[in-house]
Amino acid sequence: MKKSMIITSILSAFTIGSLAGISFSKAEFERSTQEHNVMSTNWFQTSAENKALQIQIYNQATEELAEIMVKKKANDKLNKNAKPAAVVLDIDETILDNSPDTAWSIKNNTSYPQGWDEWIHMAKADLIPGAKDFLLAAKKMNVDIFYITNRSEKTRNDTIKNMKLHQLPNVDSNHLFFKTDTAKKGPRQAVIEKTHDIVMLIGDNSNDLTDIFYKADLKTRKDNVDKIANDLGKKYIQLPNPMYGDWEDAIYHYKLSKTDNEKALDRYKALQPMK
């Protein structure tokens, strides 16, 4: 059977209400529209592997930053115009763990942005393991810390409240950059670069690192990794997030208004089977 016919059959199964001999009522089908997020959210919340990766990445980032600062201090002695060092981090799934919001969406069959503002207003997100230790270590190295997030400006106070709850450094309006008229982070990084030397960028989304990934298709996103390969683990620090991100939006060709069935079809099309 041709691949297109298989995909059509799958989509028909979703639409009609039967898949692999399992019958779905209309209510059950509606409840299942977030099923594709169940395992990724389970992995993020429950796996020892995820926690190990997060701590490992931040441990290695701390060691790398220490080496960077040794070299920078030596070079700065020869440059009277040297700028102070800065580390730039994303917030969501980089510092704060919002997986309870994703879990709530799964259980209530909703999707972003439903529930998101309410979750932020709760200001009770836990920390990503390893994040606070890294931030405190960076502060001891006299590195300025900036946070660039695509949270909306209206969430500023609640975001600061949540971060101060964990006693994180540099949590003030001068060091937090919220979404402006674009989700691109390059323009906000450029503002920081006017006064600082950005020595490290950290995020769970490749777009947090550089705008070369912004709105790029699936192949280009992977090809662009090669362009920054020499700086990965050094200037660019990538954290794992299988729950959501631009990697998923690229699967939908950034057409997020698609129906659940259309998105399901895109996810199947993106699979690369053995034959």
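Some points to look at:
- Largest GNM mean-square fluctuation across Ala82, Ala137, Ala103, computed for the chain with C-alpha springs under 10 Å, falls on Ala82.
- Across Leu53, Leu127, Leu89, mean-square fluctuation computed from a Gaussian network of the chain (C-alpha pairs under 10 Å connected) peaks at Leu53.
- For Phe177, the amide hydrogen comes within under 5 Å of the amide hydrogens of Tyr147, Ile148, Thr149, counting only partners 5 or more places away or on other chains and with H modelled in the peptide plane.
- For q = 0.14, 0.15 Å⁻¹, Debye-computed log10 I/I(0) when each Cα of the chain counts as one equal scatterer: -1.07, -1.20
- Percent of alpha-carbon pairs separated by more than 13 Å within region 103-148: 70 percent
- Computed [θ] at 222 nm, deg cm²/dmol, the chain (DSSP H ≥ 4; -39,500 (n - 2.57); rounded to nearest 500): -14000 deg cm²/dmol
- Since only Gln45, Asn108, Ile228 are under comparison, the one whose Cα sits farthest along the positive direction of the charge dipole of the chain, derived from C-beta charges on Lys, Arg, Asp and Glu, is Ile228.
- Kirkwood hydrodynamic radius of region 119-275, from inverse mean 1/r over distinct Cα pairs, in Å: 17.6 Å
- Between Ile202, Ile237, Ile251, the residue with the greatest mean-square fluctuation in the GNM of the chain (Cα pairs under 10 Å linked by springs) is Ile251.
- Remark on region 30-177: Rg and Dmax equal 18.0, 64 Å (Cα only).
- Each Lys and Arg Cβ is given +1 and each Asp and Glu Cβ -1; about its Cα centre, the chain then shows a dipole of about 540 debye.
- Percent RCO, i.e. relative contact order, over region 49-259, from Cα pairs under 8 Å lying at least 6 residues apart: 27 percent
- For region 191-246 versus region 60-87, the inter-centroid distance based on Cα atoms is 20 Å.
Read the figures in this text as sums done on the coordinates, not as results from a lab. Please read these numbers as outputs of a predicted model, since none were measured by experiment. Note that each Cβ is placed from the backbone with ideal geometry, even for glycine, and that neighbours are counted across all protein chains shown.
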